[in-house]
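Data first, discussion second: the structure below is written as structure tokens.
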Amino acid sequence: MLRAQVRGFCSVNNLNRLINESVRNGRLMDARKLFDENPKGRDIVTWNSIISGYVKNEQIHTAQQLFDEMPEKDVVSWNTMLKGFQRINDIEKLVSYFKQMIMYGLKPTEFTIAILITALSNEEFRILIQQIHTRVVNLGLNSSVFVGSALMKSYMSMGCPVAIYRVFEEILVKDVTSWNALLSGYMNLGCVDQGRRAFEIMPERNVVSWTTMVNGLVNNKKLDEARFYFDEMPEKNVVSWTVMISGYERNDQFVEALELFVLMRRLGYCPNQITLSSALSACAGFSTLVFGMQIHTSLIKSGQPVDIILSSTLVDMYAKCGDINAANSAFELIPEKNLGSWNSIIGGFAEHGLGVKALEKFESMKNVGVRPDEITLVHVLSACARGGLTDEGEMHFEKMEREYAVKPGIQHFACMVDLYGRVGQLEKAVELIRKMPFEPDVVIWGALLGACGLHSSLEVGLFAAEEMHKLEQDHPAVYSLLTKIQGEKGMWNQVTELRNMMKQSGARKQKAGSWIESPT
């Protein structure tokens, strides 16, 4: 069909139109056929169009081959390649091609400079960005919205709010994009008052402005204020809803997250992968299996594709809501498992006390070539602790640096203290704590104190309680566990004294839980 069209209309304009249409609709192979079959009908726009198609699909090597074959290049050609290198974060080639462009005799445009600045937006290139900024002023390009927005984002990444405002003032015609960049810069750097002021005086706001404000307040832990602005939004989109829902979920306000998700669906908005992942994480946090299953069922019925992040969240949700079989089924359905999905299922088995199953999954993961990280090994050691697998736990702990190239952190040591404590090897636990390369925290002492409660060890319990008390005075677990131990030893006078101390300090009994929390 496309070939017939080209044969019927041999003009360059028609060829370019058809190539652009194919690229726009994701038919890159059709675009390439048109390009290859019409060597005499090409102009510089034809070349730029096909190269742009490969860049958009991140096939930069092919784009580079075509670029090198171009009989003639213009600034659009160079900008397209620079954009490609920026997309794959190949700074070395981007700078090299930029220098070649200058040597080629072409003057960089505002788009060229914006691409260069965006690629170098890193603390490592602070001096270079400042030099480029000076050069931009000399060239008179600092008044451009594109250059200004790129510079503001760059200074934001370096933590320079004063520089952000200076760049904003240099922009000649400030449109909503430049105002949004200023607002985003302030909020991302925690300058909430300046962000509010910028939002208030913006001459024009769009949905991006409102969403940026809500997101900034969420990230600065001002959820009530974020919800106020969210409710005031004249227009919302799926990104706005997702920002507020994920904000609630990340701050452990699971009920609010799920209520807002229900409202979003009731008003007819279609959630994206991130929205669904946040809602499922809220289900996991609130341990509501029924709600999580409903979301999963609606997802299946919708036929919406499920990415690896959402698949892993499903595994995590089922595991944390108590259905480890469903978690394993969801895991097995993932076609291409990544480290995150393996961590979810290993952690799920660990939380359910299924140590052997967790270790089997760990071996399977290694067999398919996935390398464990620090989170994997927390799950593995936790599985050994909860499953009473002392030898296996010691083996994996010893292998951490030597075989897995992961340096043991405080969570790994806490798991080992828990492992020794659960089997009554309290002396080993104390010895490990003393040999730790860093100061033990409340979690470490809490794990030891919990083990003393389990095995009624008063001497070690008093030692752990004293160390824990130094770090966090009046922690209710200290009183509760010591009361339990002394009661079992028949030391009722001390029990009464401790209970009186609890009343005086206002310490309250905590809900049941483990000292060792698996990372999320």
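Of everything listed in (1) in contact (Cβ under 8 Å) with a residue 24 or more places away in the chain; (2) out of contact with any Ser or Thr (no Cβ under 8 Å at 6 or more places or on another chain); (3) hydrophobic (A, V, I, L, M, F, W, C); (4) buried (at least 17 other Cβ atoms within 10 Å of the Cβ), the single unmet condition for VAL378 is (2).
Among the residues of segment 335-373, those that are surrounded by fewer than 19 Cβ atoms within 10 Å (Cβ to Cβ) and β-branched (Val, Ile, Thr) comprise VAL356, VAL368, VAL370. Considering only residues that are over 26 Å from the mean Cα position of the chain (by Cα) and of a type in the set (Lys, Arg), look in segment 197-233 and name the one that is surrounded by the fewest Cβ atoms within 10 Å (Cβ to Cβ). Per the stated criteria, the residue is ARG197.
Scanning segment 134-183 for residues that are more than 22 Å from THR109 (Cβ to Cβ) and among the small types (Gly, Ala, Ser) turns up SER157, GLY159, ALA163.
Number of residues in segment 176-197 that are among the charged types (D, E, K, R) and within 11 Å of SER149 (Cβ to Cβ): the value is 0. Scanning segment 88-102 for residues that are surrounded by 14 or more Cβ atoms within 10 Å (Cβ to Cβ) and either within 10 Å of TRP47 (Cβ to Cβ) or of a type in the set (D, E, K, R) (or both) yields ASP90, LYS93. Would a scan of segment 404-424 turn up a residue that is of a type in the set (D, E, K, R), more than 20 Å from SER341 (Cβ to Cβ), out of contact with any Phe, Trp or Tyr (no Cβ under 8 Å at 6 or more places or on another chain) and not assigned by the TED database to the domain that holds MET317? Yes: segment 404-424 contains one or more residues that are of a type in the set (D, E, K, R), more than 20 Å from SER341 (Cβ to Cβ), out of contact with any Phe, Trp or Tyr (no Cβ under 8 Å at 6 or more places or on another chain) and not assigned by the TED database to the domain that holds MET317.
Consider CYS321 carefully, then state whether it is crowded, with 23+ Cβ neighbours inside 10 Å, without any contact (Cβ under 8 Å) to a residue 40 or more places away in the chain and under 19 Å from GLN253 (Cα atoms).
Details: crowded, with 23+ Cβ neighbours inside 10 Å: no; without any contact (Cβ under 8 Å) to a residue 40 or more places away in the chain: yes; under 19 Å from GLN253 (Cα atoms): yes.
So CYS321 fails the test.
Being of a type in the set (A, V, I, L, M, F, W, C), within 16 Å of VAL315 (Cα to Cα) and not assigned by the TED database to the domain that holds SER311 is true for just one of PHE397, PHE349. Which residue is that?
Values: PHE397 fails: within 16 Å of VAL315 (Cα to Cα).
Selected residue: PHE349, the only one of PHE397, PHE349 that is of a type in the set (A, V, I, L, M, F, W, C), within 16 Å of VAL315 (Cα to Cα) and not assigned by the TED database to the domain that holds SER311.
The values are calculated or read from the model by the stated rules, or taken from the named source; none is laboratory data. Quick caveat, the model's predicted, so the values are computed rather than measured. With ideal geometry, Cβ positions are generated from the backbone for all residues, glycine too; neighbour counts draw on all protein chains shown.
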